[in-house]
């Protein structure tokens with residue numbers, strides 16, 4: 001369905017035919033030849049650098065080769081005109097009949113239009129959210145959750161076999177602090193005055209529910225008992241309770257994970273020992289002393305011998321410790337085990353979605369994945385910048401229940417899941433995002449989610465109106481697919497078809513780059529072109545979608561309207577946003 005690929009295939013046939021006639025060298029490699037929209041629309045519909053990249057192989061001057069290829073390309077039924085520009089670029093103008101054929105393809109595929117086999121079934125693991133199980137998800141987690149979920153859906157649309165994974169950080173000091181905090185709330189639930197929550201523990205009121213639930217289950221069993229006895233069972237209870245809360249938060253965004261992996265489970269199963277033993281055997285581990293961190297005074301630095309991973313051999317700036325001075329593993333060591341476990345489950349293609357504050361951790365993790373997999377696995381880390389949550393331009397106050405942040409649930413309950421999911425994807429993941437609770441619910445062009453959903457609702461409205469005004473006209477999908485599409489001849493109609501036909505290439509490009517935000521930009525542009533054509537019909541009656549005196553033309557225009565609806569619905573589906581029937 002990607003017409004750029006179709007044209008490249010046609011060029012392949014042309015080159016093979018010219019080679020068979022002795023006019024070109026045989027077996028020219030087209031790998032580096034690109035087909036894409038020209039920088040300026042006046043230059044045509046498609047530009048290719050084929051002559052430039054093939055000239056040396058063909059032993060010809062680029063412009064001479066361009067002229068030869070242009071002459072042959074000009075014979076294609078899809079091509080209405082061809083020009084050679086600059087040092088040897090070839091610009092193609094495609095015939096209206098070609099655009100009509102693209103519209104027919106959209107109508108035939110429906111919301112599956114744009115799906116492709118780019119991934120060829122390759123397994124991909126997308127790990128996202130992975131918040132510490134110490135409290136409800138906050139707005140920052142929300143952005144990573146939406147980005148990761150949309151990326152997973154985008155990769156599935158592009159033909160990958162995707163697994164969505166949540167890594168539970170349940171083996172560090174933070175979950176011991178959680179257990180102590182929950183134990184305090186447990187004592188409170190049993191009537192004790194606990195006073196102020198000590199510094200270093202979690203003060204959020206959400207833990208009152210955890211303490212009360214523990215008291216309901218166990219009564220006074222853990223009162224008057226020393227910490228070593230109650231720490232593990234209270235910790236397990238609190239982690240389970242908080243993970244249930246996190247699952248509920250994700251469900252509010254319609255996010256469902258395929259796999260939850262426990263850090264503690266990996267440690268207890270010996271996975272950390274196994275992978276570090278393998279790294280040591282491969283020569284990637286050693287005992288050594290690191291230089292003091294940059295900016296630290298020498299007299300503040302205490303050099304000590306540590307167990308180090310030779311991450312500089314894989315592109316990192318310094319080697320990294322994997323064992324603390326008390327003999328326990330560092331977070332880095334358990335993270336290595338996590339990614340090695342994924343590799344052993346068959347994931348050579350791994351994607352992690354992290355907060356921007358983890359940017360300094362990227363190089364070491366990519367190095368570890370390369371080393372642990374013997375170079376067979378690759379990790380791509382997508383960093384999500386902060387979200388500035390506002391209301392009417394003013395910062396939003398922190399949640400009373402959470403104690404120190406605004407929760408994801410607060411935002412979803414106020415503006416709705418669809419708004420949250422779409423707005424979180426309107427900026428590239430590594431760019432700051434302003435989220436104004438008032439603006440994101442306004443019904444205006446400046447509100448992208450409303451503008452795009454309105455476009456979809458308008459397509460449905462047009463079809464309903466057509467049914468009311470022209471009862472004899474068949475507006476079912478099959479009938480629209482068989483409409484006289486050649487009646488679509490106005491430049492604005494053809495421009496809209498051109499925009500629709502970009503969708504398959506956009507899916508491939510966004511999936512390859514792991515950038516779902518590209519879809520948001522495209523959907524807004526598509527909505528703008530559709531709204532503009534609708535407005536033209538108000539100003540120029542002959543361009544209205546419904547012409548009661550001309551059933552054939554109306555059918556063709558309704559087919560175009562339906563195609564717009566299909567593509568918008570497909571894009572919103574990847575984002576996890578409902579395509580509204582009416583507003």
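The values are calculated or read from the model by the stated rules, or taken from the named source; none is laboratory data. Owing to the predicted nature of the structure, the values given are computational and were not obtained by experimental measurement. When we count neighbours, we look across all protein chains shown, and the Cβ atoms used for this are built from the backbone with ideal geometry, even at glycine.
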- Mind listing whichever residues of region 349-369 are surrounded by fewer than 16 Cβ atoms within 10 Å (Cβ to Cβ) and either over 16 Å from residue 141 (Cα atoms) or without any contact (Cβ under 8 Å) to a residue 24 or more places away in the chain (or both)? 357, 360
- Determine if region 259-266 includes at least one residue that is in a helix (DSSP H, G or I), assigned by TED's automatic domain parsing to the domain that holds residue 127 and touching a helix residue (DSSP H, G or I) at 6+ places or on another chain (Cβ under 6 Å). yes
- Task: Kindly provide the set of residues from region 480-496 that are farther than 27 Å from residue 444 by Cβ, at pLDDT 95 or above and not in a loop (DSSP other than H, G, I, E, B), ordered by number.
- Result: 480, 485, 486, 487, 491, 494
- Message: Condition first: more than 19 Å from the chain's Cα centre (by Cα) and under 21 Å from residue 335 (Cβ atoms). Can you find one or more residues in region 119-131 that meet it?
- Response: no
- Restrict the check to region 423-432 and report whether at least one residue is assigned to a helix (DSSP H, G or I) and not assigned by TED's automatic domain parsing to the domain that holds residue 554. yes
- Elements of type helices (runs of 4 or more DSSP H) contained in region 36-133, each with 1 or more residues being within 30 Å of residue 349 (Cβ to Cβ) and modelled with pLDDT of 95 or more: 50-58, 96-109
- Mind listing whichever residues of region 162-191 are at pLDDT below 95, assigned to a helix (DSSP H, G or I) and buried (at least 20 other Cβ atoms within 10 Å of the Cβ)? none
- How many residues, within region 512-562, are at pLDDT below 95 and either touching a strand residue (DSSP E or B) at 6+ places or on another chain (Cβ under 8 Å) or over 21 Å from residue 470 (Cβ atoms) (or both)? 1
- Query: Under the condition of being modelled with pLDDT under 95 and out of contact with any strand residue (DSSP E or B) (no Cβ under 7 Å at 6 or more places or on another chain), which residue from region 327-343 is surrounded by the most Cβ atoms within 10 Å (Cβ to Cβ)?
  - Reply: 331
- Task: Hey, can you tell me all the residues within region 237-260 that are crowded, with 18+ Cβ neighbours inside 10 Å and within 18 Å of the chain's Cα centre (by Cα)?
- Result: 250, 253, 255, 257
- Can you tell me which residue among 353, 318, 369, 362 is assigned by TED's automatic domain parsing to the domain that holds residue 266 and assigned to a loop (DSSP other than H, G, I, E, B)? 318
- Exception for residue 234 within (1) surrounded by fewer than 19 Cβ atoms within 10 Å (Cβ to Cβ); (2) more than 35 Å from the chain's Cα centre (by Cα); (3) farther than 30 Å from residue 413 by Cα falls at (1)
- Scanning region 45-59 for residues that are over 12 Å from residue 89 (Cα atoms) and touching a residue at least 12 places away in the same chain (Cβ under 8 Å), which turns out farthest from the chain's Cα centre (by Cα)? 59
